[in-house]
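The values are calculated or read from the model by the stated rules, or taken from the named source; none is laboratory data. Quick caveat: nothing in here was measured; it's all calculated off a predicted structure. Every residue, glycine as well, gets a Cβ built from its backbone with ideal geometry; the counts of neighbours run over all protein chains shown.
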Amino acid sequence: MTITSTQEQLTGTDELRFPAGFRWGAATASYQIEGAATEDGRTPSIWDVFSRTPGKVFEGHSGDVACEHYHRYREDVALMAQLGLGVYRFSLAWPRIKPDGSGPVNQRGLDFYDRLVDELLGHGIDPMITLYHWDLPQVLEERGGWTNRDTAHYLADLATAAVARLGDRVATWTTLNEPWCSGFLGYASGVHAPGRQEPKAAFEAVHHLMLGHGLAARALRAGGAREVSLTLNLTDVRPANPADPHDLAAARHIDGLQNRLFLDPALRGHYPPDMLALFERFGAAGVIRPGDEAVIAAPIDLLGVNYYQPALVRARVGTPSSAAHPGSEGIEFVDQAVPVTAMDWPVDPTGLSDLLLRLAADYPETPLMVTENGAAYDDVVEGDRVADADRIGYLDGHLRAAHAAIAGGADLRGYLAWSLLDNYEWGYGYGKRFGLVHVDYDTQRRLPKDSARWYAEVIGRNGLA
């Protein structure tokens, strides 16, 4: 494969180079790594409560301790520097900064992020902050959570407080991480906190999340943020039989729920008509007020793309609706004949290149960054080594797909691996490991895996051998 004339030219080599200035990094989330769940004024989040609800999380695991990043952040930043990371994407713990969700700022909570930002900059690593990565203060859930319109405004208040304290040193800010998960896994299927199973509430939550994005984007911009972004978990949805109009319609429907429901209001200023019909069907149409879509469409500088797997669907009469995709009855998700990860997620890098090229074609004015991509495997520690060849293969394949998308014209600015550390994997507890760095949860020992060393070499050459 060769780079087009718009990228750096290489001759006489099979090495694939990424554009000059391409941003390399890794990502984490507050509840998954910080621990210190009751320290310095932090109050419970919805995940603290959910993890203590019997049967919700693998073996009753919680994020009380996690990776102890709250106390070990210097050690973790040193690891990032050893890997050559240029960007570290992390999230703020809302209940650490605003313990009652909507009231005064807890300065001790912001102090931690102040220290972390300085540590990162001291090692030449750019901090990239996500305002909301799922750990809503429980006190706000008790007021309705994301079904309550006020929560969107409280997110904007959090943005104002955070950018006032950190905006002088943090250039890139993300409003939301994966509102599809927050809305549909949290309020429709119930497999994520807060564990509700109410389709109407899910659509209400989705709208208020997107409204919160727009309000927070405005607040960040007003506070001087230099780069504002939104991160979505997007999926390349494919019909099982591209020649079958029923399969094509099925794919269009799932694409609407997974992708267009979030992309179109943020980047085009309106919800897709077929998705508005679902708001109507589930009794949630009244949640969208005049002017809301204009707020949601607040300009962004970067779209974060979290990609893990494609979806293959077909029309099949009698198939019940997927709990996480309300209104999808008659649509079957088809197993794909490809390898899978320890999460049973199909491994198909072409889904990433196809997705990035689709985004470049449909939303051409918006620069892109892969803000999460990675895989869980059943790692084995042997002495001082974790030989995770499967993870290296996964990352290599997806980076080649990202490179192909750039060659095809996608304005892709960077790639962040998920995840820097093995961590608390939500409903899977500590049973699944995505990290470049192995964490022994008993001792908190960090051990870079073979994939970490491989990734460091990729970053060092800005390309793939």
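Among the residues of region 225-249, those identified as crowded, with 21+ Cβ neighbours inside 10 Å and farther than 30 Å from residue 169 by Cα are 236, 237, 238, 239, 247. Restricting attention to region 411-437, which residues are part of a loop (DSSP other than H, G, I, E, B) and farther than 30 Å from residue 57 by Cβ? Within region 411-437, 411 is the sole residue that qualifies. If the condition is being surrounded by 16 or more Cβ atoms within 10 Å (Cβ to Cβ) and more than 17 Å from residue 359 (Cα to Cα), then region 250-273 contributes 250, 253.
The listed residues are 194, 199, 179, 242, and the only one of them that is without any contact (Cβ under 8 Å) to a residue 40 or more places away in the chain and out of contact with any strand residue (DSSP E or B) (no Cβ under 6 Å at 6 or more places or on another chain) turns out to be 242. The residue that is farthest from residue 434 (Cα to Cα), among those in region 368-410 that are in a loop (DSSP other than H, G, I, E, B) and among the acidic types (Asp, Glu), is 384.
Of all residue pairs spaced 6 or more apart or on separate chains, those with beta-carbon atoms under 9 Å, a first member in region 445-460 that is on the phi < 0 side of the Ramachandran plot and free of Cβ contacts under 8 Å to residues at least 24 places away in the same chain and a second member that is crowded, with 19+ Cβ neighbours inside 10 Å and part of a strand (DSSP E or B) are 445/438; 445/439. Looking at the structure I just gave you, is residue 96 at negative phi, basic (Lys, Arg) and over 22 Å from the mean Cα position of the chain (by Cα)? It is false that residue 96 is at negative phi, basic (Lys, Arg) and over 22 Å from the mean Cα position of the chain (by Cα). Taken as a whole, the condition of being surrounded by 21 or more Cβ atoms within 10 Å (Cβ to Cβ), among the hydrophobic types (A, V, I, L, M, F, W, C), out of contact with any helix residue (DSSP H, G or I) (no Cβ under 7 Å at 6 or more places or on another chain) and within 30 Å of residue 29 (Cβ to Cβ) applies to residue 302. Among the residues of region 438-465, those that are surrounded by 19 or more Cβ atoms within 10 Å (Cβ to Cβ) and either assigned to a loop (DSSP other than H, G, I, E, B) or touching a Cys at 6+ places or on another chain (Cβ under 9 Å) (or both) comprise 439, 446, 449. Quick one: in region 103-121, of everything that is surrounded by fewer than 18 Cβ atoms within 10 Å (Cβ to Cβ) and charged (D, E, K, R), which residue is nearest to residue 49 (Cα to Cα)? Only one residue fits best here, namely 108. Take the residues of region 122-156 that are within 22 Å of residue 202 (Cβ to Cβ) and β-branched (Val, Ile, Thr): which is surrounded by the fewest Cβ atoms within 10 Å (Cβ to Cβ)? Only one residue tops the list, namely 139. Candidates are the residues of region 168-179 that are touching a helix residue (DSSP H, G or I) at 6+ places or on another chain (Cβ under 8 Å) and either among the charged types (D, E, K, R) or under 18 Å from residue 97 (Cα atoms) (or both); the one that is surrounded by the fewest Cβ atoms within 10 Å (Cβ to Cβ) is 169.
Screening 131, 110, 140 for residues that are at pLDDT 95 or above, touching a Leu at 6+ places or on another chain (Cβ under 9 Å), hydrophobic (A, V, I, L, M, F, W, C) and over 18 Å from residue 26 (Cα atoms) leaves exactly one candidate, 110.
The residues in region 382-405 that are of a type in the set (Asp, Glu), surrounded by fewer than 23 Cβ atoms within 10 Å (Cβ to Cβ) and over 21 Å from the mean Cα position of the chain (by Cα) can be counted, and the count is 3.
Does residue 361 count as over 21 Å from residue 453 (Cβ atoms), over 19 Å from the mean Cα position of the chain (by Cα) and free of Cβ contacts under 8 Å to residues at least 40 places away in the same chain? Taking the combined requirement at face value, the residue satisfies it.
Among the conditions (1) β-branched (Val, Ile, Thr); (2) part of a helix (DSSP H, G or I); (3) surrounded by fewer than 22 Cβ atoms within 10 Å (Cβ to Cβ), the only one that residue 206 does not satisfy is (3).
Of all residues in region 307-348, exactly one satisfies the criterion of being part of a strand (DSSP E or B), within 23 Å of the chain's Cα centre (by Cα) and of a type in the set (Gly, Ala, Ser), namely 311.
A quick yes/no check of all residues on (1) aliphatic (A, V, I, L, M); (2) part of a helix (DSSP H, G or I); (3) surrounded by fewer than 23 Cβ atoms within 10 Å (Cβ to Cβ):
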| position | (1), (2), (3) |
| --- | --- |
| 159 | yes, yes, no |
| 181 | no, yes, yes |
| 184 | no, yes, no |
| 190 | no, no, yes |
